[in-house]
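Participant: Could you have a look at this structure, given as structure tokens, before my questions?
The values are calculated or read from the model by the stated rules, or taken from the named source; none is laboratory data. These numbers were taken from a predicted model, which means no experiment stands behind them. Please note: Cβ atoms are built from the backbone with ideal geometry, for glycine as well, and neighbour counts cover all protein chains shown.
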Amino acid sequence: MPATVLLAISLTDFIWLVVGLFIMFSVLSIVVMSMIWLERKLLGRLQLRLGPTRTGPMGLLQPVADAVKLILKEDIIPASSEKAIFWVAPIIVVISAFMIWVTIPGTQSAVIQNLDMGLFYIIAFSVVGILGLVLAGWGSANKYGTLGGLRAAAQLISYEIPIIMVAISVAMLAQSLDLREIVNQQDDYIFALVQPLGLILFFIAGLAEVGRTPFDIYFAESEIVGGPFVEYSGAHWSVFFLAEYINTFAIAALTVILFFGGWSGPLLSGGWEIIWFLVKVYLVILVIFWVRGTFPRLRIDQLMAFAWKVMVPLSFLSVVMTAIYQFYEWPAWTLTVMSSAGLLAVGFLIYKRMTGPSKLVADVRRRQEALEVSRRANGQAGGN
């Protein structure tokens, strides 16, 4: 009898898990389509265009049309490819993207499976996606694909370190790895106010993790013609596309949960708090899309140097400052001052580094003009 009861409970839990995963897949698919439409509209406005306008009212059905088109396209598999790896790679990438959302809460109760170590779980699964990209490049038997896979491994591993270190500093502030508890600890003040340096580091590293501009170096079309995705087409390529947007939505959601109080907000309570969560998440997504339409792509050497010379040291500094603040039990404003000072100092150094070459060019031009004036004066004196 107990075994029968146990089996019934396990079967019930399994059915609810399957239902929850189906709902999650459906919701995330709708979210991805909304993000595609929003990105195209915003990029169109930034580039003085209209964006999608013809398919559906205001072009709202354009992502649906694109999805149908990709699914119906011929799925070509190169003859020289490792077919098993070629098939498995996109599955690994999309499963890791979906599994991250198992423990990301939309409200206090809107979560498939809350985990006491949810933040650690998310970081662990985000690493799995790197394997899928490397396998996609290597399994394609294409030199550009292999190069893109190696770039993806180098980039994602490098920028994973700042994400982990910033997550540790937030966990130290909240004294928990539970995402719901992290949100609850921001009732008095959001962590973005006391850790502005951590917020900037997490946002930048998150852009690099999902391969968004200006960190889209591992599939740069102008350099390696698509990188790991160069041999993929049809439904296989659309799976990578789907995973990219799901990961982008996940980074925006984690930014809101870790630094902006998650679903906390005035007027709304209970299940309606998800409205605040979605509003905050989509505001972060708008910033991500704005970055894509504003900044150029980095070179591979600039990207790696920025990771190891700027991001990694600053992320360790963020942990050290948080540890000092926690150990001495200082008031919250002291951490704000330390974090802001570090952010301003780094911003100044980056500004000097970026303006240095232009000043050098201007100095060279002044010397050339002075030399030209001197030559003309000497020529006129010799003529007289």
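Participant: Are any residues in the stretch 247-264 buried (at least 24 other Cβ atoms within 10 Å of the Cβ) and in a loop (DSSP other than H, G, I, E, B), and if so, which ones?
Facilitator: Correct list: Gly262, Trp263.
Participant: I would also like to ask the following. Being assigned by TED's automatic domain parsing to the domain that holds Phe202, over 25 Å from Leu283 (Cβ atoms) and of a type outside the set (Phe, Trp, Tyr) narrows it down to one of Ile123, Ile85, so name that one.
Facilitator: Details: Ile123 fails: over 25 Å from Leu283 (Cβ atoms).
Exactly one residue qualifies, and that residue is Ile85.
Participant: Next question. Looking at the stretch 35-57, which of its residues are surrounded by fewer than 17 Cβ atoms within 10 Å (Cβ to Cβ) and in contact (Cβ under 8 Å) with a residue 24 or more places away in the chain? Working first, answer last.
Facilitator: Residues of the stretch 35-57 surrounded by fewer than 17 Cβ atoms within 10 Å (Cβ to Cβ): 38, 43-50, 53-57.
Leu38, Leu43, Leu46, Gln47 - these are the residues of the stretch 35-57 that are surrounded by fewer than 17 Cβ atoms within 10 Å (Cβ to Cβ) and in contact (Cβ under 8 Å) with a residue 24 or more places away in the chain.
Participant: With the condition kept exactly as written, say whether any residue in the stretch 130-144 is surrounded by 18 or more Cβ atoms within 10 Å (Cβ to Cβ), charged (D, E, K, R) and more than 23 Å from Asp13 (Cα to Cα).
Facilitator: For the stretch 130-144, residues surrounded by 18 or more Cβ atoms within 10 Å (Cβ to Cβ), charged (D, E, K, R) and more than 23 Å from Asp13 (Cα to Cα): absent.
Yes or no, residue by residue, for (1) out of contact with any strand residue (DSSP E or B) (no Cβ under 7 Å at 6 or more places or on another chain); (2) surrounded by 13 or more Cβ atoms within 10 Å (Cβ to Cβ); (3) not β-branched (Val, Ile, Thr):
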site: Val319; (1), (2), (3): yes, yes, no
site: Gln326; (1), (2), (3): yes, yes, yes
site: Pro331; (1), (2), (3): yes, no, yes
site: Leu335; (1), (2), (3): yes, yes, yes
site: Leu344; (1), (2), (3): yes, no, yes
site: Ile350; (1), (2), (3): yes, no, no
site: Asp363; (1), (2), (3): yes, no, yes
site: Arg366; (1), (2), (3): yes, no, yes
site: Ala370; (1), (2), (3): yes, no, yes
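Participant: Output the number of residues of the stretch 108-149 satisfying the condition of being outside any helix (DSSP H, G or I) and farther than 30 Å from Leu278 by Cβ. Give the steps one after another, and end with the answer.
Facilitator: Our first condition is that a residue be outside any helix (DSSP H, G or I); within the stretch 108-149, this holds for 108-117, 140-142.
This time we only want the ones that are farther than 30 Å from Leu278 by Cβ, so: 140-142.
Of the residues in that region, 3 qualify.
Participant: Give me the helices (runs of 4 or more DSSP H) completely within the stretch 1-107, filtered to those with at least 3 residues that are more than 29 Å from Glu209 (Cα to Cα), ordered by residue number. Full working, then the answer.
Facilitator: On the way: elements: 2-46, 62-72, 83-100.
So the answer is 2-46.
Residue-wise test of (1) modelled with pLDDT of 85 or more; (2) in the same structural domain as Thr334 (by TED's automatic domain parsing); (3) among the charged types (D, E, K, R); (4) outside any helix (DSSP H, G or I).
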site	(1), (2), (3), (4)
Val166	yes, yes, no, no
Leu177	yes, yes, no, yes
Asp188	no, yes, yes, yes
Leu193	yes, yes, no, no
Gly198	yes, yes, no, no
Ala208	yes, yes, no, no
Pro214	no, yes, no, yes
Tyr218	no, yes, no, no
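Participant: Before we move on, is Ile15 within 26 Å of Gly129 (Cα to Cα) and either β-branched (Val, Ile, Thr) or surrounded by 13 or more Cβ atoms within 10 Å (Cβ to Cβ) (or both)?
Facilitator: On the way: within 26 Å of Gly129 (Cα to Cα): no; either β-branched (Val, Ile, Thr) or surrounded by 13 or more Cβ atoms within 10 Å (Cβ to Cβ) (or both): yes.
In short, no.
Participant: Going residue by residue through the stretch 73-94, is there one that turns out to be aromatic (Phe, Trp, Tyr) and closer than 29 Å to Leu278 by Cα?
Facilitator: Applying the first criterion (aromatic (Phe, Trp, Tyr)) to the stretch 73-94 yields 86-87.
Narrowing further to those that are closer than 29 Å to Leu278 by Cα: none.
No, every residue in the stretch 73-94 fails to be aromatic (Phe, Trp, Tyr) and closer than 29 Å to Leu278 by Cα.
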